[in-house]
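Taking it in order: structure first as structure tokens, then the write-up.
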Amino acid sequence: MHSPTIESPLPPSPGAKPIYLKDLDFGVLAQCIHCGLCLPTCPTYDDTKLERHSPRGRIQLMKNVAEGRLDVTKTFAEEMYFCLGCLACETACPAGVDYTRMFEEARGDIERTGVLNTESRSWIRGLLLRGVFTRPWLLRLIGRGMYLYQASGADRLVRKLALIRLAPKNLQELEPLAPRIRPDFSDDLIGEIETPAAKARARVGMLTGCVQDLTYSHVNRDTVDVLIANGCEVVTPRMQHCCGSLHGHNGEIEIAKDMARRNIDAMERSAGSLDDLDAILTNAGGCGSHLKHYDHLLDDDPRYAARAVQWSAKVRDIHEFLVTLGIVKPTHSLAEPDGKPLEVTYHESCHLCHGQKITKQPRDLLKLIPGVKLVELAESSWCCGSAGVYNITQPEMSMKLLARKMANIAKTKASVVANGNPGCSVQLEFGTRKHGSDVEIAHPMTLLARSYRGKRQCGFQN
Amino acid sequence: MPHLVQDIAAFIPLDRILHSREDLLAYGYDGTAALHGVAAAVVMVQTTAEVQALVKYCAEHGIAVVGRGSGTGLSGGSVPSNGCVVLCLTQMDKVLELDEKNLTIFVECGVITAKVAEIADGVGLLYPPDPGSMRISTIGGNVAENSGGLRGLKYGITRDYVMGMEVVLADGSLVWLGNKCVKDVAGYSMKDIFIGSEGTLGIITKILLKLVPRPQAKKTMLATYSRMDAAAETVSAIIAAKIIPCTLEFLDKITLNCVEDYAKIGLPRDAEAILLMEADGHPAAVEDQAAKMVEIAKQCGATDVQIARDADEATRLASARRTAFSALARVSPTTILEDATVPRSELTKMIRFVQEVGARHRLKIGTFGHMGDGNLHPTFLTDEKNLDEMTRVEIAMKEIFDFAISLGGTITGEHGVGLAKKPFLPAAIGEASLGLMKKLKAALDPKGILNPGKIFD
Ligand SMILES: Cc1cc2nc3c(=O)[nH]c(=O)nc-3n(C[C@H](O)[C@H](O)[C@H](O)COP(=O)(O)OP(=O)(O)OC[C@H]3O[C@@H](n4cnc5c(N)ncnc54)[C@H](O)[C@@H]3O)c2cc1C
Ligand code: SF4
Ligand code: SF4
């Protein structure tokens, strides 16, 4: 009988050295006392029961990287991309651990060292993060192309003829996920400055987002309708840039900074100055959580630091803003034709509930709508698997989470799922197609707007 | 290394044998501050047969085996010794049987404590032991640590609910101990030896637990104090008045402010201390007890006593209390928690002593705990990089232990000895008692492969 070789100390750690994590304040990393209370809220731990796929495990790895015991290895990098970035762990953590910060710096290191680089990954990332999502006109042009592709019925034809199989595997998987693109963009639907009939209660800046703008521009129109109905003057800068959250969460910290600067400039151009606004509003949970952190993001930029602080102080999620402002009671009933109340359930976008701790306001608003009955969704704050581009990069875990979400939705028997984030809407709409459900996915602003207007449609076919 | 992994792969699928550097680092700790170790491999077992095969293999080759549940232990029990095999039990999580006729539930060791509680609740029953970590701790870990909880005063601790267990012994053989009978004196009560054995005597794979009927009514109260020792006096007075509430939980000012920072449930931030009190049982008895407790609290100097409006508010208070330890980590980089326990009549002396020690050594101490059990968690809020302060922490810790022992108390009420309390054990229990433990260990684990170096060397 041989005696087994026992491996200790650790094998070498073939990877690169970190910069961002290394510079991160020791306090941020030491904040985690590895108590484990966050584990049951983490979707990747729940599914695998493996410590490495838990917040505590990931923080421990990041700490080891920062302290030089582990390099930025491929395994470490894959782990940090297996994380959804859903931030459920941040809500659960009593110790106040700033997971977002660590996670973004870790992904920053991963991209800077290039441990995950393969030709196709670099190409796609370069194209999307550096090319498309930094150029609003290009994004819209592509959106237009996709609209024509879908509107002409070409998508169905391509699918039918199985032409899609000719495309590379990644694209094949992506195609059915692709949301329906809107015929109009926000700029076509919303004036740069819109003013309510009576004297304005507040003057607000409106951020139209990029995914929201491409796929749910009507939600932006609905949001402005709701704001006008609530007596707000709305300033909507033209050709807005992506807020940079995609870049921030995906390790492109420098581009994220650039996007932040451009957004601040654009808002100032349209509004006069940030001083002239009572609030800067977003209706996309994922963006809001990032937009509120421009102050951290730009704190080392002498030209923008002060304005970024001002910016962050004014950014509000739309639900949060309306509740603080005191909402005007919506008028028309949305009850079903047979008089039964419209049953609506509410799915919480991770970055609204965990990132911004906004959970009560959207529910309060929905409950105000005449003819609407709010039914609670089990595990409403459990990630739906959309998680930015996670549904593209980690399709398997993403689809498991979607199935779990769709099952919970089915149990409510509601006919509408309200949620405040376009990323979730794309995922949930895909879920309805995949799981054969006829539930409608709607933004709370759309439901509110319908009630104020007394009809479904905003400017165009809805 | 390949040998070890290859060998184990003969009886456990390769994808459940973790040995990458990243995985080993992620299993290098438990919930205890400043303890780390690196295993040679971490094996995710799923069946008793796999546990047996693994333990047998390790016994044959003299490799240490460290059992691990969810790694929330607070004395370093599941921190790996270098080069050991970690036997991780979180994937052994099947609920095997709920027996409503005999009021028992039979589970695998990796089932989460809260799940047992939920299942019991679903059929009108109660599984009383509810450690602060219950949403993630495993039942196996609870049994191995003999964990307490927030209801220990009235309902007792984990030991009081274990009716039987399946154990893999140090040579890989299997025994079943106990049964569903409420009475059983057929020989030694062997299962009791494994309760609280911290993974050093055997790996507990299945557990038969006792459930009790869920009390019909419950009342939760929050008493506020401007002096810490007044809260301790209240506890002693309630018990002296022959009232046994189910919960008497204490939080001092630092702790309650940390908890409030996290949970935002409206705790009185300027109080010096609060006492979370709960009575349960028959509705009339609960009303009566609660009224008496309010009265006693006020007599002992409570400045205010609030009664929870509804079940939701009561749950919010208890849940917030459970986060106390982790919430204290907000204050400083290093959080070192103690577990000194004294007879309940001595609580006031103990609380005063902890305050005095903190002041004398210029240390920040947040204290909370299961006051009804005499079990306090004085927690040092410090910085491991400040060596001078760490020296003072060590002296203060020793003084607290010595004082607890002098009052007839113990160095650990529920977290176990593990690595963290090992140096203090001989003084706490004496040579004779320690010698007996060592004999038992040598008899059950002659090669010393099960969690070596924990409790004693
Ligand atoms: C926030 C927080 C609050 C806590 N509150 C309490 C509390 O109120 N009361 C209390 O008593 N404790 C408390 N604890 C401590 C801890 O949660 C308990 O000791 C718990 O029982 C550990 O369970 P675990 O599954 O995490 O076990 P682990 O930490 O993984 O293991 C604990 C010990 O048990 C051994 N072990 C684990 N499973 C088995 C098995 N199946 N067979 C044999 N040995 C095994 C391990 O080797 C180790 O020695 C708390 C911890 C935290 C972090
Ligand atoms: S992140 Fe927070 S909850 Fe999770 S282990 Fe660390 S301290 Fe505990
Ligand atoms: S962000 Fe989500 S997936 Fe990532 S560690 Fe936290 S809870 Fe888990």
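Averaged per residue, what accessible surface does the protein assembly as shown expose to a 1.4 Å probe, in Å²? Mind showing how you got there, number by number?
Details: 35870 Å² over 919 residues.
Per residue, the protein assembly as shown has an accessible area of 39 Å².
Given the range A:186-325, what percent of its DSSP beta bridges are antiparallel, to the nearest 5? Could you put the intermediate results ahead of the total?
On the way: 2 of 13 bridges.
Around 15 percent antiparallel, to the nearest 5.
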In Å and whole numbers, how far do the C-alpha atoms of the range B:360-457 stretch along each principal axis, longest first? 46, 34, 21
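What number results when the radius of gyration of the protein assembly as shown, computed over Cα atoms, is divided by 2.2 N^0.38 Å?
Dividing the Cα radius of gyration by 2.2 N^0.38 Å gives 1.01.
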Of all beta bridges DSSP finds with both residues in the protein assembly as shown, what is the antiparallel percent, to the nearest 5? 65
Considering only C-alpha atoms, what is the centroid distance from the range B:321-348 to the range B:122-156, in Å? 18
Debye calc, one equal point scatterer per Cα of chain B, no solvent, log10 I(q)/I(0) at q = 0.08, 0.10, 0.14 1/Å comes to -0.47, -0.74, -1.38
Go through the range B:139-205 and name the trypsin sites (Lys or Arg not before Pro) that are in a DSSP coil and have 11 or fewer other Cβ atoms within 10 Å of their Cβ. B:LYS183
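Which trypsin sites (Lys or Arg not before Pro) does the range B:219-307 hold that lie in a coil by DSSP with at most 13 other beta carbons within 10 Å?
B:LYS242, B:LYS264, B:ARG269
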Per the Cauchy relation, a quarter of the hull surface: what is the mean projected area of the convex hull of the alpha carbons in the range B:234-336, in nm²? 7.0
Assuming 1.002 mPa s and 20 °C, estimate D for the range B:180-283 with Stokes-Einstein, Rh taken as the Kirkwood radius over Cα pairs, in µm²/s. 122
The range B:216-318, dipole about Cα centre (Lys/Arg Cβ +1, Asp/Glu Cβ -1), debye to the nearest 20: 100
Can you give me the angle between helix B:253-263 and the longest principal axis of chain B, using Cα atoms only, in degrees from 0 to 90, rounded to the nearest 10? 70
Other chains near B:323-336: what is the mean number of their Cβ atoms within 10 Å of each residue's Cβ? 5
Under a straight-distance cross-link criterion of Cα-Cα below 20 Å, which lysines are reachable from A:LYS329, leaving out those fewer than 8 residues away in the same chain? A:LYS199, A:LYS360, A:LYS367, A:LYS373, A:LYS455
Taking the radius of gyration and the Kirkwood hydrodynamic radius from Cα positions alone, what is the Rg/Rh ratio for the range B:60-124, to two decimal places? 1.13
Using DSSP to define loop residues, name the GluC sites (Glu not before Pro) in the range A:360-440 whose beta-carbon has at most 11 other beta-carbon atoms within 10 Å. A:GLU376
Give the percent of DSSP beta bridges with both residues in the range B:17-121 that are antiparallel, rounded to the nearest 5. 45
Sequence-distant or interchain residues sharing an amide H contact under 5 Å with B:GLY418, placed H: which? B:ILE455
Looking at the range B:1-67 from every direction and averaging, what is the projected area of its Cα convex hull in nm²? 4.8
Rounded to the nearest 100 Å², what is the buried accessible area between B and A, both sides summed, probe 1.4 Å? 3900
Helical contribution to [θ] at 222 nm, DSSP H n ≥ 4, -39,500 (n - 2.57), averaged over chain B, rounded to 500: -10500 deg cm²/dmol
Compute the length gained on full extension between B:LEU387 and B:LYS298: take 0.36 nm times their separation in residues and subtract their Cα-Cα distance, giving the result in nm to one decimal. 27.7 nm
Taking amide H positions as placed in the peptide plane 1.01 Å from N, state which residues far from A:HIS332 in sequence (5 or more) or on other chains have amide H under 5 Å from it. A:TYR452, A:GLY454
Given a 1.4 Å probe and every protein chain left where it sits, what share in percent of the accessible area of the protein assembly as shown is carbon and sulfur? 56
Helix B:431-444 against the longest principal axis of chain B: what's the angle in degrees, Cα atoms only, rounded to the nearest 10? 40
Normalized C-alpha radius of gyration of the range B:1-116, against 2.2 N^0.38 Å? 1.14
Dipole size in debye (nearest 20) for the range A:20-113 around its Cα centre, Lys and Arg Cβ +1, Asp and Glu Cβ -1? 200
Calculate, in whole percent, how much of the Cα-Cα pair population of the range B:284-329 lies beyond 17 Å. 53
One quarter of the C-alpha convex hull surface, i.e. the mean projected area of the range B:95-213 in nm², amounts to 7.1
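Against the globular-protein guess of 2.2 N^0.38 Å, express the Cα radius of gyration of the range A:196-299 as a ratio, rounded to two decimals.
1.07
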Please express the shape of the range A:342-453 as an equivalent ellipsoid: the semi-axes are the square roots of 5 times the eigenvalues of the C-alpha gyration tensor, given largest first in whole angstrom. 22, 15, 12
Just report the Cα centroid separation between the range B:182-223 and the range B:228-246, whole Å. 26
Starting from 0 in steps of 5 Å, tell me what percent of the Cα-Cα pairs of the range A:20-113 lands in each bin. 2, 15, 29, 27, 19, 7, 1
The range A:18-61-the range B:431-454 distance, computed between alpha-carbon centres (Å): 35
How large is the convex hull of the C-alpha atoms of the range A:314-405 per residue, in Å³? 123
Angle between chain B longest axis and helix B:311-322 axis [Cα atoms, degrees, rounded to 10]: 60
Using the Karplus curve 6.51 cos²θ - 1.76 cosθ + 1.60 with θ = phi - 60°, work out ³J(HN,Hα) for each residue of the range A:312-323 in order, rounded to whole Hz, and write x for Gly and Pro. 4, 5, 9, 5, 9, 6, 4, 5, 4, 4, 5, 5
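The values are calculated or read from the model by the stated rules, or taken from the named source; none is laboratory data. The structure displayed is predicted, hence computed values, not measured ones. Note that each Cβ is placed from the backbone with ideal geometry, even for glycine, and that neighbours are counted across all protein chains shown. With ligands, DNA and RNA removed, areas are computed over all heavy atoms of the protein, side chains included. Shrake-Rupley method; radii C 1.70, N 1.55, O 1.52, S 1.80 Å.
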